[in-house]
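Data first, discussion second: the structure below is written as C-alpha cells.
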Amino acid sequence: MSIYDLIDRRRSVRRYQETPVSSESVRRIAEAARLAPSACNNQPWHLLIVRDPQTRRALFPGAGQAWIAAAPVLLVMCSRPSEAWVRRYDGKNHADIDVAIAMEHLVLAATEEGLGTCWICAFDPQHFRDVLKLPADLEPVAATPLGVPDEAPPARPRKDLESLVTWL
C-alpha cells in the first residue's frame, strides 16, 4: 500500500474489540515511532505501552473518555523537554513537535497493522503522571488506544487544499 493510501485510510477509532494485540505488532509500531525524525536527532520522547487493564481504567478519570480503557493497549507518548532542541532565535523548545512526529509515525504504523487508534491530547497530564508514576523529566503529551476496530468511522470532512496552502 502506498503512503498516500495509508494516510487516506487512517481514522480516529473510538470503539474496539477485545481481541488482544500481538506483542510483535506493538513492537513494530513502537519501532516506527523510534525511527521518526526529530530536531537535531535528539529523540526527546519516551513511549509507555500500557496493557494492564487496571492501569488503563485508572487513567480514565484524567481523560473523561471511557473508551480509552476499552482497547487492549493504551500508548502514552511523553516528552523529555530537557533533551529537546531549542531554537536559538526565540527559545522555542521542540519537544512537543518531535513527539507529534513520532506519534504520527506510530498512528500510521498501527493503521498498516490493521489496528485502530485515536490521538488524544485532552487529558489531565498530572493525573497521567501520578497514575503512571512518571519521573519528573517525563511529560505526557499524547495518548492513543490501540486495538482492533469495532467500528468503521467514515472520513471526516477536510478543508480544501487551497484554503490550507499558499503557493509563492
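Numbers below:
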| item | result |
| --- | --- |
| Residue ID - farthest from the chain's Cα centre (by Cα), chosen from residues in the range 24-45 that are more than 16 Å from residue 94 (Cβ to Cβ) and not small (Gly, Ala, Ser) | 24 |
| Where a residue in the range 58-84 is hydroxyl-bearing (Ser, Thr, Tyr) and its partner, wherever it lies, is not in a loop (DSSP other than H, G, I, E, B), with Cβ under 7 Å and at least six apart | 79/45; 79/95; 79/96; 79/99; 79/139; 79/141 |
| Residues located in the range 40-65, provided they are in a helix (DSSP H, G or I) and out of contact with any helix residue (DSSP H, G or I) (no Cβ under 6 Å at 6 or more places or on another chain) | 40, 41, 53, 54, 55, 61 |
| Complete set of residues in the range 93-110 that are closer than 11 Å to residue 35 by Cβ, in contact with a helix residue (DSSP H, G or I) (Cβ under 8 Å, 6 or more places away or on another chain) and among the hydrophobic types (A, V, I, L, M, F, W, C) | 102, 106, 109 |
| Filtered residues of the range 10-34 (kept if part of a helix (DSSP H, G or I) and either of a type in the set (Val, Ile, Thr) or at pLDDT below 95 (or both)) | 26, 29 |
| Pair list, Cβ under 7 Å, 6 or more apart: the range 12-38 residue within 19 Å of residue 48 (Cα to Cα), other residue in a loop (DSSP other than H, G, I, E, B) | 20/72; 21/72; 21/115; 25/113; 25/115; 28/113; 29/113; 38/44 |
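The values are calculated or read from the model by the stated rules, or taken from the named source; none is laboratory data. In this text, all values refer to a predicted model and were calculated from it rather than measured experimentally. So basically every Cβ, Gly included, is an ideal-geometry build from the backbone, and we count neighbours across all protein chains shown.
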